[in-house]
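Below: the structure, in structure tokens.
The values are calculated or read from the model by the stated rules, or taken from the named source; none is laboratory data. Keep in mind that this is a model prediction, so the values were computed, not measured. Counting neighbours? That spans all protein chains shown, and the Cβs are built from the backbone with ideal geometry, glycine included. Accessible surface areas use protein heavy atoms only, side chains included; no ligands, DNA or RNA. Shrake-Rupley method; radii C 1.70, N 1.55, O 1.52, S 1.80 Å.
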Amino acid sequence: MLEYICTIESFTHAIIHSLFMLINIHTHDPEKQDNQQIIYNLIIPQTDEDLESFPNESTPNTWLSAGIHPWYINENNQKNQLEKLAKLAKYQDIKLIGECGLDRLKGSPLPLQEEVFIKQIRIAEEVKKPLIIHCVKCFNELISIKKIVRPKVPMILHGFNNNFHIAQAILERGFYVSLGTALLNENSNAAHLLPKIPLDKLFLETDDKETPIIEIYEKASFLLKIPIDKLIDTIFANYLEICS
Ligand SMILES: [Zn+2]
């Protein structure tokens, strides 16, 4: 009986995999799995020496994001970091700009993070590509920056696991939200929030975790009480909507 159930289950998985493409909007792992489309993140390095050889890994046919992470801004070399990003941003494989953003707990002083973030928003605007954003305890600053800079490109907040009050504030201002492994814990903010996020504003990701993206889709489908194929389809459509 157990074997029978397993067979049905693998069969269902096979059908799911054959029809739909799972978008993993933000990962630091270049390994692709079947029927998955990852957006592999490249962090712009800090020194001239590293910038010169960057990117040094070959990632053919991989969709990428590239940005200056707020933890890795080089105060004395940000101009060269930004120049490198501006060049890469034009490449066809670069689908998103980031992760970039603001972090109150780590990285360079906040005013410098804000300055470099705004410059990356301008690069994204120039190439008309969406931004993937890292934000830790800086939501007021993020909202103010969006209000002042008024970017037309979509902005996705990645690894979102904050309270409803913050979620409401950012959704009202048109941000997209990407949820990750926090969803696997049903007591997390992300799990509580998920049913309140409009489906057309939702993405899923693994970030720096080894959890297979299918597990995050399965959990989200369970929490949302919608079939997994519908969820996969919707998120793929969200991707096409902002990245094509
Ligand atoms: Zn990340």
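Of note:
- Selected from S178, V127, L193, residue furthest toward positive end of dipole (region 78-230; charges at beta carbon): V127
- Considering helices alone, the calculated mean residue ellipticity of the chain at 222 nm is -13500 deg cm²/dmol, with DSSP H runs of length four and up weighted by -39500 (n - 2.57) and normalised per residue.
- Relative contact order of region 23-243, taken over Cα pairs closer than 8 Å and 6 or more residues apart, is 17 percent.
- Gaussian network model of the chain, Cα within-10 Å springs - most flexible of V136, V177, V116: V136
- Fluctuation leader among T181, T27, T47 - the chain, Gaussian network, Cα springs under 10 angstrom: T47
- Region 148-216: trypsin sites (Lys or Arg not before Pro) falling in loop per DSSP and having at most 16 other Cβ within 10 Å: K152, R173
- Counting only lysines at least 8 places from K146 when in the same chain, those with an alpha carbon closer than 23 Å to its own are K79, K90, K95, K106, K119, K128, K129, K137, K196, K201.
- As a fraction of the 1.4 Å probe accessible area of the chain, surface on carbon and sulfur atoms comes out at 51 percent.
- The calculated FRET efficiency for I148 paired with K196, based on their beta-carbon distance and R0 = 30 Å, is about 0.60.
- Potential lengthening between R173 and T62 on full extension [0.36 nm per residue; Cα-Cα distance subtracted]: 36.9 nm
- Neighbourhood charge, 10 Å Cβ-Cβ cut-off, centred on I156 and excluding it, Lys, Arg +1 and Asp, Glu -1: -1
- Centre-to-centre separation between the Cα atoms of region 68-106 and those of region 195-209: 23 Å.
- Solvent-accessible heavy-atom area per residue, rounded to whole Å², over region 23-243 at 1.4 Å: 48 Å²
- Solvent exposure of R122, expressed as accessible area, is near 130 Å², computed with a probe of 1.4 Å over the protein chains only.
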